[in-house]
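Below: one structure, written as structure tokens.
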Amino acid sequence: MSSRSSKKTTSRTTSEETVEVGRVLRPHGIRGEVVVEPYSELPERFEPGSELWLAGRSVAVATARPHRGGFLIRFEGVADRDAAETLRGGILEIPRNAVPEAPEETWYYFELEGCRCHDRRDGDLGVVADVVEDGGGVLLDVRDGERRLLVPFVREYVRRVDREARRIELDLPEGLVETCASRS
């Protein structure tokens with residue numbers, strides 16, 4: 001029902017909307033390569049010649065190869081381990097308008113974050129602060145003040161997602177909100 005591709009919306013210093021597509025974990029070897037954890041399900045995002053944003057500046061992928069569920073990438077201008085070390089922890093982004101529209105009945109996580117949730121029975125539940133994968137499925141981390149509610153993002157509970165209105169209509173089982181809500 002959802003798509004992991006492209007986790008979050010952030011903004012660069014230019015205030016253009018961007019979407020996170022990966023994170024630099026650490027340097028690899030001595031020739032400037034870094035290990036990248038992809039957030040995007042599109043491996044072509046990391047092909048040689050691809051332009052990404054890192055720490056508010058444009059970077060070009062010089063080389064890329066698969067590595068343990070992620071990629072080993074060398075960026076143009078990064079020639080050694082010391083230069084690669086400066087990229088550690090950096091978030092890789094692309095312009096929002098470079099993200100293809102999600103297929104029917106799927107949503108990117110960044111499209112769900114910030115949506116107001118409304119349940120048929122319990123009314124307003126709060127706003128999606130995060131989308132969490134817990135091994136058993138996708139959960140919406142819905143916050144309302146100090147209350148936190150983890151809502152399974154499954155077809156049985158989701159009646160409608162309105163991207164434009166930033167609203168998610170739910171039909172949760174009776175008692176779920178009272179049972180699963182916590183104070184953080």
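The values are calculated or read from the model by the stated rules, or taken from the named source; none is laboratory data. The model shown is predicted, which means the values in this text are computed figures rather than measured ones. With ideal geometry, Cβ positions are generated from the backbone for all residues, glycine too; neighbour counts draw on all protein chains shown.
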Legend entry - Answer residue from the stretch 167-184, given it is surrounded by fewer than 18 Cβ atoms within 10 Å (Cβ to Cβ) and under 17 Å from Glu113 (Cα atoms) and is nearest to the chain's Cα centre (by Cα) among those: Arg167
Inset, instruction - Inspect the stretch 5-20 for any residue being of a type in the set (A, V, I, L, M, F, W, C) and either surrounded by fewer than 17 Cβ atoms within 10 Å (Cβ to Cβ) or modelled with pLDDT of 95 or more (or both) and give the result as yes or no. - result: no
Inset, instruction - Scan the strands (runs of 3 or more DSSP E) fully inside the stretch 23-92 and keep the ones with 1 or more residues being surrounded by fewer than 13 Cβ atoms within 10 Å (Cβ to Cβ) and small (Gly, Ala, Ser). - result: 57-67
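Given the residues Thr86, Thr106, which is the only one that is at negative phi and assigned by TED's automatic domain parsing to the domain that holds Val35?
Thr86
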Inset, instruction - Working carefully through the options Ile94, Ile168, find the one that is in contact with a strand residue (DSSP E or B) (Cβ under 7 Å, 6 or more places away or on another chain) and in the same structural domain as Ser40 (by TED's automatic domain parsing). - result: Ile94
Inset, instruction - Can you work out which of the residues in the stretch 99-120 that are at pLDDT below 95 and in contact with a helix residue (DSSP H, G or I) (Cβ under 9 Å, 6 or more places away or on another chain) is nearest to Glu146 (Cα to Cα)? - result: Phe110
Legend entry - Checklist (1) within 20 Å of Val21 (Cα to Cα); (2) assigned by TED's automatic domain parsing to the domain that holds Gly49 applied to Asp130, failing item: (2)
Inset, instruction - Give just the number: which of (1) surrounded by fewer than 18 Cβ atoms within 10 Å (Cβ to Cβ); (2) of a type in the set (D, E, K, R); (3) modelled with pLDDT of 95 or more; (4) within 26 Å of Leu42 (Cβ to Cβ) does Glu164 not satisfy? - result: (3)
Inset, instruction - Within the stretch 159-172, work out how many residues are basic (Lys, Arg) and assigned to a loop (DSSP other than H, G, I, E, B). - result: 2
